[in-house]
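Take a look at the structure set out below.
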Amino acid sequence: MAGTERQTGGEVLERTRQETKKPELYKVLLLNDDYTTMDFVIEILESVFHKTPAEAYRIMMAVHTQGQGLCGVYPFEVAETKVATVVDLARSNGFPLRATLEPE
Ligand code: TYC
C-alpha cells in the first residue's frame, strides 16, 4: 500500500495530501572568467539554455560585470546535465568557462 492509505478496523481512510511530489529545482549559474570569449558565452546561452540573442547578450553581460548570472531553473538532473554540457563544450573549444548549480 506504500503509505497511501490507512486502514482502521475495516474502513479505509483516504489521504488528502498531494500524491505527486514536486521536483526540487536548482538554479544553473554561469561564472565569469577572463579568457572565454563573449561570443562563445552567447552561443552557449542560445544553444544550451534556448535564450533569444537579446536575452543571451543580457545574461552574458550580467556575468561579465557581476561575476555570475542565472541561466535557468530546472529539476536536479536537467540542471546537472546543462552544467556538464556547458563544461564539455567549453573544454572542446579550449575555454575555461564554468557553470554551477544552486538550490532554488
Ligand atoms: N569576461 C569574458 C571576457 O571579457 C566574457 C565572459 C562572459 C566570460 C561571461 C565568461 O560566463 C562568462 N572575454
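The values are calculated or read from the model by the stated rules, or taken from the named source; none is laboratory data. Remember, it's a predicted structure, so these values are computed and weren't measured experimentally. Cβ coordinates were reconstructed from backbone atoms using ideal geometry, including for glycine residues, and neighbour counts include every protein chain displayed. All accessible areas refer to the heavy atoms of the entire protein, side chains included, with ligands and DNA or RNA removed. Shrake-Rupley method; radii C 1.70, N 1.55, O 1.52, S 1.80 Å.
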### Query
What residue, among those in region 34-59 that are of a type in the set (D, E, K, R) and in a helix (DSSP H, G or I), is surrounded by the fewest Cβ atoms within 10 Å (Cβ to Cβ)?
ASP39
### Query
Restricting attention to region 82-104, which residues are open to solvent by 80 Å² or more (accessible area, probe 1.4 Å) and more than 10 Å from ASN32 (Cα to Cα)?
ASP88, ARG91, SER92, ASN93, PRO103, GLU104
## Note on the structure
From the option list ASP33, ASP88, single residue qualifying as out of contact with any helix residue (DSSP H, G or I) (no Cβ under 8 Å at 6 or more places or on another chain), closer than 15 Å to ALA99 by Cβ and within 9 Å of the ligand (Cβ to nearest atom) is ASP33
### Query
Is it true that GLN18 is more than 13 Å from the ligand (Cβ to nearest atom), in a loop (DSSP other than H, G, I, E, B), modelled with pLDDT under 95 and of a type outside the set (A, V, I, L, M, F, W, C)?
yes
### Query
Which of (1) assigned to a helix (DSSP H, G or I); (2) more than 14 Å from the ligand (Cβ to nearest atom) is the odd one out, the single condition LEU101 does not satisfy?
(1)
### Message
With the requirement that a residue be assigned to a helix (DSSP H, G or I) and surrounded by 18 or more Cβ atoms within 10 Å (Cβ to Cβ), what does region 60-81 give you?
### Response
MET60, VAL63, ALA79
### Message
Contact list please: Cβ distance under 8 Å, first residue in region 50-77 and charged (D, E, K, R), second residue near the ligand (Cβ under 10 Å from one of its atoms), pairs at least six apart or on different chains.
### Response
LYS51/LEU45; LYS51/ILE59; LYS51/CYS71; GLU55/LEU45
